[in-house]
């Protein structure tokens with residue numbers, strides 16, 4: 001096996017408007033919580049480097065569970081507790097009020113306080129500190145805390161997304177780009193640009209590394225890439241398929257699909273020794289492995305029963321059992337951290353939708369109503385599913401909450417976007 | 001090779017003629033006659049050789065024309081990797097040409113946009129393998145054939161609907 005280690009200099013190309021995602025909220029919950037996010041007071045010199053309150057407000061709105069109050073409707077702009085007059089906020093029907101102060105041009109410090117307008121009481125306060133260059137990430141951490149306080153579920157705003165964008169070139173080969181962005185689509189960075197396909201991006205469990213399939217050698221090969229150093233390593237170069245890299249929860253093993261021995265089967269690669277173990281052996285297609293959070297079994301897609309369905313391989317016993325029966329086509333499973341909710345691509349009436357399958361109740365619920373939906377990726381807090389779909393002839397990203405109640409779209413300003421991969425919680 | 005056989009036979013004939021002439025006579029005239037006969041025979045051999053080469057070229061051209069007529073893209077039914085009768089006839093033309101040379105080929109399998117990307121990657125490989133297996137069964141050495149699947153990543157027709165999808169479910173021979 002060829003093992004090429006490329007020390008690739010990460011070209012931190014900021015894309016400008018090109019592959020940047022735009023967020024359009026299409027559906028929220030019926031009675032979203034009205035929250036006012038008063039502009040945070042900047043206590044440094046000059047102008048504030050980032051509108052922290054705006055980032056927080058955008059996060060809360062995007063969750064679909066909050067209806068942020070328009071700034072123009074605010075009767076005051078408090079930034080300290082003694083400036084808070086509850087009647088001003090009751091007058092505009094705000095249920096909660098968030099205020100804050102920001103300081104530090106190098107090391108940034110954000111202090112924030114949350115008030116319950118009806119109870120007229122402070123319910124929560126906190127501080128976030130970090131490099132000012134990461135101001136938006138600090139703001140997302142504030143959002144995470146507020147979201148958790150008010151919904152009981154940890155937020156997943158301080159996370160990142162990987163996606164592939166394609167610019168068509170009618171006179172030659174298309175341009176493929178693997179892009180890393182914040183969970184709100186901001187700060188896109190191109191990690192890899194190629195004239196050959198890029199697909200199946202996936203995250204290491206600590207969010208420090210990614211793996212993907214690139215055809216840059218004119219054949220598919222699996223690569224891993226460190227996000228901090230840019231160091232890149234080609235892990236496979238086998239005849240046939242080299243696809244679907246999936247990191248084990250302990251980060252030591254990568255599941256993948258190879259067809260070097262005949263038909264596509266699942267293999268495990270020990271990342272330290274690069275030793276391969278074949279775990280399925282069937283003449284049918286076995287592909288799209290994904291790990292259960294406990295690392296003891298994998299879900300995968302197989303058409304061994306005639307049509308693609310989800311199967312489960314138990315690592316200890318080496319046995320395989322079929323998981324899904326409902327519908328003619330269920331594929332590319334991704335499991336929530338609870339080990340219970342599984343999102344899949346589900347075909348019904350000839351259309352491909354995103355569905356959620358409950359491993360405990362065996363219930364399948366279709367979440368989307370668009371067609372040609374694919375590549376579901378679940379947020380680390382299990383609340384939202386990001387997926388790829390089509391709008392007209394264009395590939396766009398969209399998101400839906402696991403209960404189907406909240407929906408938003410993330411089209412790129414230009415080109416097609418696909419293959420989203422939501423990061424795990426990032427180690428700080 | 002046909003033209004080499006013809007040339008070989010002509011050459012044998014030429015030597016036989018020269019030997020017979022040399023045996024039957026000892027005077028100069030007869031020797032001159034023998035040389036003339038040898039030259040005539042050599043010219044005939046060259047002519048036969050040229051004709052044979054032209055015939056081989058003509059046949060190669062016929063095979064190439066047949067390949068050009070069918071093209072290098074073979075289409076498949078939805079979710080199927082079986083060669084259709086049409087596709088088989090097309091591949092046959094390529095097999096006929098490949099049987100006369102030692103070129104290598106690359107078979108690129110593709111699918112339409114329906115279904116998941118990685119499952120389609122596997123389906124594209126199945127299609128490429130299906131063409132490869134048919135070629136191997138018909139005498140093309142497997143080491144001359146490389147297969148690669150692009151799944152749904154490189155459509156020819158970008159829109160949705162069967163008219164576009166049917167153009168994308170294909171194997172391209174390169």
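Rule-based calculations on the coordinates, nothing more; no lab input. Treat the numbers as computed from the prediction; the structure is a model and nothing was measured. Ideal geometry is used to build each Cβ from the backbone, glycine not excepted, and the neighbour counts take in all protein chains shown.
Values computed for the structure shown
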item: P(r) weight above 18 Å for segment A:119-185, C-alpha pairs, percent; result: 57
item: Once the Cα gyration tensor of segment B:71-173 is diagonalised, semi-axes √(5λ) in Å; result: 24, 13, 11
item: Gain upon complete extension [residue A:107, residue A:119; 0.36 nm per residue less C-alpha separation]; result: 0.8 nm
item: Added length on full extension, which subtracts the Cα-Cα distance from 0.36 nm per residue, residue A:187 to residue A:87; result: 32.2 nm
item: Neighbour-count ranking [beta-carbon atoms within 10 angstrom, fewest first] of A:290, A:127, A:151; result: A:127, A:151, A:290
item: Mean separation of Cα contacts under 8 Å, 6 or more apart, over the residue count of chain A: relative contact order %; result: 14
item: Coordinate range along principal axes, alpha carbons of the protein assembly as shown, Å, largest first; result: 138, 55, 48
item: Estimated inter-spin distance, residue B:51 and residue B:68, nm [label 7 Å along Cα→Cβ]; result: 2.7
item: Computed FRET value (nearest 0.05) for residue B:137 with residue A:252, which takes r as the C-beta separation and R₀ as 51 Å; result: 0.70
item: Approximate spin-label separation residue A:237-residue B:31, in nm, with each point projected 7 Å along Cα-to-Cβ; result: 6.9
item: For residues of A:257-264, the mean tally of beta carbons on other chains within 10 Å; result: 3
item: Separation of the residue A:360 and residue A:270 label points, Cα + 7 Å toward Cβ, nm; result: 3.6
item: Segment B:71-173 - percent relative contact order, Cα under 8 Å, separation 6 or more; result: 40
item: Distance from segment A:284-340 to segment A:366-410 (C-alpha centre basis), Å; result: 21
item: q = 0.15, 0.21, 0.26 Å⁻¹, segment A:24-112: log10 I(q)/I(0) [Debye, one scatterer per Cα]; result: -0.59, -1.01, -1.29
item: Kirkwood hydrodynamic radius of segment A:299-428, Cα pairs, Å; result: 15.2
item: Candidates A:141, A:71, A:334: whichever shows maximal mean-square fluctuation once chain A is modelled as a Gaussian network with Cα springs under 10 Å; result: A:71
item: Label-reachable residues, segment A:51-86, where backbone N falls under 18 Å from a point 7 Å from residue A:43's Cα toward its Cβ; result: A:51-53, A:77-84
item: Extension gain (nm, one decimal) between residue A:316 and residue A:229, 0.36 nm per residue minus Cα-Cα; result: 27.8 nm
item: Label point 7 Å beyond Cα of residue A:148 along Cβ direction - residues of segment A:182-199 with amide nitrogen under 19 Å; result: A:183-184
item: Cβ-derived FRET efficiency at R0 56 Å, residue B:174 paired with residue A:31, nearest 0.05; result: 0.40
item: For residues of B:151-159, the mean tally of beta carbons on other chains within 10 Å; result: 4
item: Rg over Rh [alpha-carbon atoms, Kirkwood Rh] for segment B:29-70; result: 1.45
item: Percent of Cα-Cα distances greater than 19 Å, calculated over segment A:78-168; result: 50
item: Residues residue B:92 and residue A:70, FRET efficiency given R0 of 51 Å [Cβ-Cβ distance, rounded to 0.05]; result: 0.15
item: Number of partner chain Cβ atoms within 10 Å, mean per residue of A:389-402; result: 1
